[in-house]
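The values are calculated or read from the model by the stated rules, or taken from the named source; none is laboratory data. Remember, it's a predicted structure, so these values are computed and weren't measured experimentally. All Cβ positions, glycine included, derive from the backbone under ideal geometry; neighbour counts span all protein chains shown. Surface areas here come from the heavy atoms of the whole protein model, side chains and all, with no ligands, DNA or RNA. Shrake-Rupley method; radii C 1.70, N 1.55, O 1.52, S 1.80 Å.
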Amino acid sequence: MVDTERVDINGTPVGVSCVTCHGPTPETSWAGREGGTFHTGLEVVHGDLSCESCHDAVDKTRLHLSDNSPVDMLDAMTLCAQCHGPQFRDYSRGSHGGMTGYWDTTKGPRERNHCVECHAPHAPAVPRVSPAPPPIDRGVHE
Ligand code: HEC
Ligand code: HEC
Ligand code: HEC
Ligand code: HEC
């Protein structure tokens, strides 16, 4: 679904599904026809990847791996893992991506964030920040 920034009578956000414009086949697709423009505000800052490095060429409800096998949108982690092996390995062992909930899982559930909850897939780099307040210079005494 693409957010339209509109809400319905109940205040629920209104979305348009991908297949409204894309597909299911190229022949029935509105997008791709001459003059079609959309997603114009979408900027991808992710190496030099093209849209189709990740999104299926025809079925826009899906992503794909490098061997072209389909991946569900909600299963994007398999896709990330294919190019970011060390981070995925660290994530699998718990040293990247953090966790909340219970350490002892017999006492309660443990929750893990998905890669895309921290890294927007279209612009994944963590921005540089200035620490505030600045670090205390322990050599200076007033
Ligand atoms: C209102 C119509 C509309 C909707 C809804 C829409 N698209 Fe698009 N999309 C377009 C148009 C128009 C283009 C640009 C023309 C083209 O090259 O196909 C485009 C291009 C793209 C492209 C880049 C070109 C390509 O073929 O790879 C991707 C990726 C894409 N859309 C993904 C999506 C996804 C994912 C969704 C749903 C979350 C979606 N779109 C929903 C109209 C739409
Ligand atoms: C690195 C892989 C990757 C690339 C490159 C990429 N996408 Fe995506 N895109 C994703 C993933 C993953 C999601 C699902 C995000 C989620 O689940 O929150 C997504 C979601 C979307 C959506 C639906 C959500 C939204 O932002 O509206 C659209 C539309 C879309 N992509 C279009 C594009 C277009 C157009 C391009 C190229 C200009 C592109 N994508 C490039 C991985 C990618
Ligand atoms: C097809 C290969 C490919 C896929 C799939 C892919 N990436 Fe990337 N990713 C790259 C490349 C290439 C760069 C740019 C590396 C650079 O500039 O040094 C990058 C950069 C990044 C960065 C910034 C790295 C930095 O040093 O700051 C993050 C974070 C990231 N990707 C996360 C993701 C996540 C999350 C996904 C899944 C939604 C994903 N990537 C999918 C190839 C990929
Ligand atoms: C809880 C948030 C969170 C989750 C979940 C997460 N990351 Fe990260 N990731 C970060 C932060 C923060 C950094 C920046 C670390 C730094 O700059 O030292 C980072 C850095 C990265 C980098 C840049 C290179 C590096 O190691 O510093 C890549 C690539 C990356 N993550 C990929 C992934 C992938 C793939 C997943 C899912 C398997 C994932 N991340 C899950 C927060 C997260």
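Of the heavy-atom accessible surface of the chain (probe 1.4 angstrom), what whole percent is carbon and sulfur?
57
Modelled label-to-label distance, D3 and R112, 7 Å Cα→beta-carbon offset: nm?
Distance between label points: 2.7 nm.
What shape does the range 69-111 take by its C-alpha gyration tensor, where a ≥ b ≥ c are the square roots of the eigenvalues and a/c under 1.5 counts as rounded, a/b above b/c as prolate, and the rest as oblate?
Oblate.
How much length would be gained if the chain were fully extended between Y102 and S50, taking 0.36 nm per residue of separation minus their Cα-Cα distance, in nm to one decimal?
The Y102-S50 span can extend by a further 14.8 nm.
Once you have the Cα-Cα distance between C21 and S130, take 0.36 nm times their residue separation minus that, and quote the gain in nm to one decimal.
35.0 nm
How compact is the range 102-142 by the rule of thumb for globular proteins, expressed as Cα Rg over 2.2 N^0.38 Å?
Rg over 2.2 N^0.38 Å, computed on Cα atoms: 2.09.
Once ligands and nucleic acids are excluded and a 1.4 Å probe is used, how much of C54 is accessible, expressed in Å² to the nearest 10?
Its heavy atoms expose roughly 40 Å² to the probe.
How much of the DSSP bridge set in the chain is antiparallel, in percent, rounded to the nearest 5?
90
Once each part is reduced to its C-alpha centroid, what is the distance from the range 86-142 to the range 1-19 in angstrom?
The range 86-142 and the range 1-19 have Cα centres separated by 31 Å.
Kindly identify the range 27-98 as rounded, prolate or oblate by the Cα gyration tensor criterion: order the square roots of the eigenvalues as a ≥ b ≥ c, call it rounded if a/c is under 1.5, otherwise compare a/b with b/c, prolate if a/b is larger, else oblate.
Prolate shape, in that a/c is at least 1.5 and a/b is the bigger ratio.
I need to check one value: relative contact order of the chain, counting alpha carbon pairs closer than 8 Å and at least 6 residues apart, in percent.
14
Can you bin the chain into rounded, prolate or oblate? Criterion: square roots of the alpha carbon gyration tensor eigenvalues sorted a ≥ b ≥ c, rounded for a/c under 1.5, prolate for a/b above b/c, oblate for the rest.
Because a/c hits 1.5 or more and a/b exceeds b/c, the chain counts as prolate.
Between F88, V14, T28, whose Cα lies farthest towards the positive end of the dipole of the chain when Lys and Arg beta carbons carry +1 and Asp and Glu beta carbons carry -1, centred on the Cα centre?
Going by the charge dipole, the pick is F88.
Under 5 Å between amide hydrogens, which residues at least 5 positions from V71 or on another chain qualify, with H placed 1.01 Å from N in the peptide plane?
Excluding prolines and chain starts, which carry no amide H, the hits are L63, H64, L65.
How large is the charge dipole for the range 39-142, taken about the Cα centre, if only the Cβ atoms of Lys, Arg (+1) and Asp, Glu (-1) carry charge, to the nearest 20 debye?
Here the size comes out at about 380 debye.
Could you sort the peptides 65-77, 121-133 by per-residue average Cβ neighbour count (10 Å cutoff), highest mean leading?
Answer by packing, highest mean first, reads 65-77, 121-133.
Starting at the first residue of the range 40-57, write each ³J(HN,Hα) from the Karplus equation 6.51 cos²θ - 1.76 cosθ + 1.60 with θ = phi - 60°, in whole Hz, x for Gly and Pro.
Rounded to whole hertz, the list is 5, x, 8, 10, 9, 10, 8, x, 10, 6, 9, 3, 7, 5, 10, 7, 4, 4.
With a cap of 15 neighbouring Cβ atoms within 10 Å, and only residues DSSP puts in a loop, list the chymotrypsin sites (Phe, Trp or Tyr not before Pro) found in the range 87-116.
The qualifying sites are Y102, W103.
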